[in-house]
Amino acid sequence: DTGIGIDPAECEHIFERFYRADGARANTGGLGLSVVRWVVEHHGGSVSILDREGPGAVFEVRLPRRDAASQGVG
C-alpha cells in the first residue's frame, strides 16, 4: 500500500487484538490484523510483515498446499 508505513518497533505488536499503532490512533477498530492471523493460523499457515523501506506495508500470507489425494478428489 502507499500509507505511512509501520514503525519497525511496532511490528511485533501489530497482530495483537486491539493494538493500535501511533499513526492509526485517530481511527477506530483494532481487530483486522489479529483476525487475519487467527484465520491463517487455523488453516495451518502464517502471516508476517515484510521489511520495506519507505511508505506503505507489505504482508505475506503463507498457507499449506493441499494435494488432490488428501481431499478425496480424483
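Taking 0.36 nm per residue of separation and subtracting the Cα-Cα distance, full extension of the segment from Glu16 to Asp67 would add 15.2 nm. The modelled label-to-label distance for the pair Asp7/Ser48, using points 7 Å beyond Cα in the direction of Cβ, is 2.3 nm.
Taken together, the values in this text are just the output of simple stated rules run on the coordinates, not laboratory data. Keep in mind it's a predicted model, so treat the numbers as computed, not measured. Glycine also receives a Cβ, built like all others from the backbone with ideal geometry; neighbour counts cover every protein chain displayed.
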